[in-house]
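Peer 1: Quick one: the structure is below, questions incoming.
The values are calculated or read from the model by the stated rules, or taken from the named source; none is laboratory data. All values reported here derive from a predicted model rather than from experimental measurement. Cβ sites come from the backbone with ideal geometry, for glycine too, and all protein chains shown count toward neighbours. When the accessible area is computed, the model is the full protein with side chains, heavy atoms only, and any ligands, DNA or RNA have been set aside. Shrake-Rupley method; radii C 1.70, N 1.55, O 1.52, S 1.80 Å.
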Amino acid sequence: MDARRGFACCDLLAPAKLNLLLEVLARREDGFHEIETLMVPINLFDSLTVRAEPEGSVRLRCRWAPGLQMAKRDAGPSMVARQATSAAGGRPPIADWEELPERGENIVVRAIELLRLRAGTRAGAVVALTKRIPSAAGLGGGSSDAAAALVAANRVWNLGWSREQLHEVAAEIGSDVPFFLDSGAALCRGRGERIEALPAIPAMNFVVVAPPGGLSTADVYRGCRPAAAPRRAEVLAAALRTGDMRKVAAAMHNGLGMAAEQLSPWIGRVKHELADCGCTGVQMSGSGTSCFGICRTSRHARRAARWMRARGWSRSAAVRSID
């Protein structure tokens, strides 16, 4: 309980994810695409606090974590000039931290409002969201925030909804949102809303790099073509069970990669430099623009992240898969 106000309060961490495999199988009549993906959550987190109000609206305060806000201020007005220099073949530009949507356009507010509508409650909520996961980067930050918001609101409003009931609401909000209601690696099918949890897999170390600028998921899907000979997730799942990271790397695939690389000049360059720092396998996550490399150990991941930052990729981090 929040002793100052007397209302229930819930703090949660919302993890990012990596797509070790993402295959586009077909275009659906509803405008979405039929996909098959294998995702793992990683220890890069947004933070969410939800406090119940007896009634009223859903109010949101959203900000980048303090260190990231400073990096955004330091980018300064010369960003355009640096980007022009980089486009001519120099160092990559300092990452431009995105403006964060507030109120109704934020997926967190939409998630809580939808739950309130489905539950038939008049209760309100005050939400504080601290962002660390880059936006529009294929890491699932918004979807993870929405899932955490559903769990937190369910708790502070004492709704007593089951996971299955929350899954139904989550699927209405976004394709990746149901994945984040559970923990651990999973196979996801349909639009991504049909979840099959995988048995425990070996812990994996990664270096993740978010290039400057994000991509619209809709734009990337618009430019992709369904696979004529789909790569199936079962092969990757079997490789994961062996713990052999070379087999895992060989089975990784992203069917959106070609479309995303046509829209972003940075993805191919990041992947090339990740390979240069000794990663076992390299791939783009989701619809981009973030890319990741499998590292042999946590020490290798930290060293690779430092190497990438020294090369000018300021949003580089050593991360680990979580259960």
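Peer 1: Give region 190-227 a look and list any residue that's within 24 Å of residue 294 (Cα to Cα), surrounded by fewer than 16 Cβ atoms within 10 Å (Cβ to Cβ) and out of contact with any helix residue (DSSP H, G or I) (no Cβ under 8 Å at 6 or more places or on another chain), or say none.
Peer 2: Within region 190-227, 196, 197, 200, 203 meet the criteria.
Peer 1: If you don't mind, another one. Considering only residues that are farther than 24 Å from residue 32 by Cα, of a type outside the set (A, V, I, L, M, F, W, C) and modelled with pLDDT of 95 or more, which ones fall in region 245-278?
Peer 2: 246, 247, 268, 269, 271, 272, 273, 276, 278
Peer 1: OK, next. Looking at (1) out of contact with any Cys (no Cβ under 8 Å at 6 or more places or on another chain); (2) over 22 Å from residue 138 (Cβ atoms); (3) modelled with pLDDT of 55 or more, which is the only condition residue 102 fails?
Peer 2: (1)
Peer 1: Sort out which residues of region 228-256 are out of contact with any strand residue (DSSP E or B) (no Cβ under 6 Å at 6 or more places or on another chain) and open to solvent by 50 Å² or more (accessible area, probe 1.4 Å), and write them in order of number.
Peer 2: The answer is 228, 229, 232, 234, 235, 241, 242, 244, 246, 247, 250.
Peer 1: Further question on the same structure: I'd like the full set of residues that are surrounded by fewer than 17 Cβ atoms within 10 Å (Cβ to Cβ) and within 22 Å of residue 120 (Cβ to Cβ), limited to region 163-186. First the steps, then the outcome.
Peer 2: Within region 163-186, the subset surrounded by fewer than 17 Cβ atoms within 10 Å (Cβ to Cβ) is 163-165, 168, 172, 182-184.
Of everything in region 163-186, those that are surrounded by fewer than 17 Cβ atoms within 10 Å (Cβ to Cβ) and within 22 Å of residue 120 (Cβ to Cβ) turn out to be 163, 164, 165, 168, 172.
Peer 1: Return the only residue of 137, 128 being under 21 Å from residue 290 (Cα atoms), touching a residue at least 60 places away in the same chain (Cβ under 8 Å) and either not in a helix (DSSP H, G or I) or not small (Gly, Ala, Ser) (or both). Outline the logic, then answer.
Peer 2: On the way: 128 fails: under 21 Å from residue 290 (Cα atoms).
Being under 21 Å from residue 290 (Cα atoms), touching a residue at least 60 places away in the same chain (Cβ under 8 Å) and either not in a helix (DSSP H, G or I) or not small (Gly, Ala, Ser) (or both) holds for just one of 137, 128, which is 137.
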